[in-house]
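**Q** First the structure, which I've put down as structure tokens, then a few questions once you've had a look.
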Amino acid sequence: MSAQKARKLAAGNWKMNGIKASLAEATALAEMFPEPKVDILLCPPATLVAPMAAALFGSKVDVGGQDCHMKASGAHTGDISAEMLVDAGADYVILGHSERRADHGETDHIVAEKTIAATMAGLAPVVCVGETLEQREAGETLGVIRKQLSASLPDAVDLEKLVIAYEPVWAIGTGKIPTLEQIAEVHDDMRATLVDRYGDGANGIPLLYGGSVKPGNAAEIFATSNVDGALVGGASLKAADFSGIVKALEEA
Ligand code: PGA
């Protein structure tokens, strides 16, 4: 277990879901947790970052983006920069999600550059790693995660802000989750790898588990070694579902 306790974070990733009418779910969530005992984050699609930040202003629910470009500005049609997310009211940004790695060819190197950009803009990067089913079945999981962590994170990180999410690709949106022993094995190894590289301060980095987290399985996942919260996709879209996960984290 960590010497220094990491803060707890329940993070929702809305992916490519949500229109203005969906902001009612975000405000409902904020009303359910006026004084939360854990940090709460919602990452809507880019079109909703500014309106969600406005709707949640003064609440205890933070807003984040789902990606940012590595450059601050320039000729990059369709992209948005970390500075733009800050300007829109975001505090966090998800980086290197497996869907971005698969759909947009994001490499570890690109994720590291984006992590630098996010850190320089003052955003808290939520850097995602995770093995495929093929890699797990070949017994390569720890090696894959160590390599992704090593190459997706720059040497200069803000240890106060950095968040890591372990999301096995085969567990995302599938209803399948690893055994609690498998989650603990990866999270303990990630903690040791991060402390080895960044020193004792890395004990404070929140390590989130992601992949088919639901209100029904959240408590046992949060009781697992070195799990400090969750990155939640499908079950973050409705306040009724996500609130069950936030409560489970408050009680963990
Ligand atoms: P899921 O997605 O909770 O829908 O499995 C998690 C994620 O991809 O962040």
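The values are calculated or read from the model by the stated rules, or taken from the named source; none is laboratory data. What you see is a predicted model, and the numbers here were worked out from it, not measured in a lab. Cβ sites come from the backbone with ideal geometry, for glycine too, and all protein chains shown count toward neighbours. The accessibility values were calculated without ligands, DNA or RNA, using every heavy atom of the protein model including side chains. Shrake-Rupley method; radii C 1.70, N 1.55, O 1.52, S 1.80 Å.
**Q** Give the residue that is nearest to the ligand (Cβ to nearest atom), with candidates limited to residues of the stretch 12-40 that are under 11 Å from Val61 (Cβ atoms) and loosely packed, with under 14 Cβ neighbours inside 10 Å.
**A** So, considering only residues that are under 11 Å from Val61 (Cβ atoms) and loosely packed, with under 14 Cβ neighbours inside 10 Å, the one nearest to the ligand (Cβ to nearest atom) is Glu31.
**Q** Those residues that are near the ligand (Cβ under 10 Å from one of its atoms), assigned to a loop (DSSP other than H, G, I, E, B) and open to solvent by 10 Å² or more (accessible area, probe 1.4 Å), I need them from the stretch 202-252; list them, please.
**A** Ser212, Lys214, Gly233, Leu237
**Q** Which of (1) in a loop (DSSP other than H, G, I, E, B); (2) open to solvent by less than 10 Å² (accessible area, probe 1.4 Å); (3) within 16 Å of the ligand (Cβ to nearest atom) does Val93 not meet, given it meets every other one?
**A** The number of the failed condition is (1).
**Q** Only one residue in Glu31, Glu25 is in a helix (DSSP H, G or I) and touching a strand residue (DSSP E or B) at 6+ places or on another chain (Cβ under 9 Å). Which one? Before the answer, list the steps.
**A** On the way: Glu31 fails: touching a strand residue (DSSP E or B) at 6+ places or on another chain (Cβ under 9 Å).
Going through Glu31, Glu25 in turn, the sole match is Glu25.
**Q** Looking at the stretch 148-201 only, could you name the residues that are open to solvent by less than 60 Å² (accessible area, probe 1.4 Å), touching a residue at least 60 places away in the same chain (Cβ under 8 Å) and among the small types (Gly, Ala, Ser)?
**A** Ala165, Gly201 - these are the residues of the stretch 148-201 that are open to solvent by less than 60 Å² (accessible area, probe 1.4 Å), touching a residue at least 60 places away in the same chain (Cβ under 8 Å) and among the small types (Gly, Ala, Ser).
**Q** Just one of (1) outside any loop (DSSP other than H, G, I, E, B); (2) closer than 21 Å to Gly233 by Cβ trips up Asp67, so point out which.
**A** Against the list (1) outside any loop (DSSP other than H, G, I, E, B); (2) closer than 21 Å to Gly233 by Cβ, Asp67 comes up short only on (1).
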